[in-house]
Amino acid sequence: MAKASQNIVQQYFKRVFDDYTVLVQVNPATYQGLELIIHPGGKVEKTKMQYDDEIFEDLAADEFEPASALEFNLHLKGLTGKE
């Protein structure tokens, strides 16, 4: 039988700043996630994160919008062709 955490659908968020973009992945069951900062030219910084139960309110307050898993994973795997 599969563990419950394996059946969790990650949630993705995005905010575009003047010269970089931040993409956020959040596991809504454990509040673990990954933050990607995409710099001009395509360089990607990856940071593992442990959020708290207020992460969704924090993201909304910081004007993050829902994003796609595809966009997040293309940047994570370096498949955007921008570097």
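The values are calculated or read from the model by the stated rules, or taken from the named source; none is laboratory data. Values in this document were obtained by computation on a predicted structure and should not be read as measured data. SASA here: full protein model, heavy atoms, side chains in, ligands and nucleic acids out. Shrake-Rupley method; radii C 1.70, N 1.55, O 1.52, S 1.80 Å.
If ligands, DNA and RNA are left out, what is the accessible area of Phe13 with a 1.4 Å probe, given in Å² to the nearest 10?
Here the residue's solvent-accessible area equals roughly 30 Å².
For the chain, what's the relative contact order in percent, using C-alpha pairs closer than 8 Å and at least 6 residues apart?
Relative contact order for the chain comes out at 28 percent.
How much area per residue is accessible in segment 11-83 when the probe is 1.4 Å and only protein heavy atoms are counted (Å²)? Before the final figure, lay out the partial values.
Working: 4730 Å² over 73 residues.
So segment 11-83 comes to 65 Å² accessible per residue, rounded to a whole number.
Roughly how far apart, in whole Å, are the Cα centres of segment 40-83 and segment 4-39?
The distance from the Cα centre of segment 40-83 to that of segment 4-39 comes to 4 Å.
With a bin width of 10 angstrom, please list the P(r) values of the chain as percents of all Cα-Cα pairs, from the 0 bin to the one holding the largest distance.
Calculated P(r), rounded to whole percents: 17, 50, 26, 6, 0.
Of Lys14, Lys77, Lys48, Lys43, which has the most accessible area with a 1.4 Å probe, and how do the rest follow in descending order?
Lys48, Lys77, Lys43, Lys14
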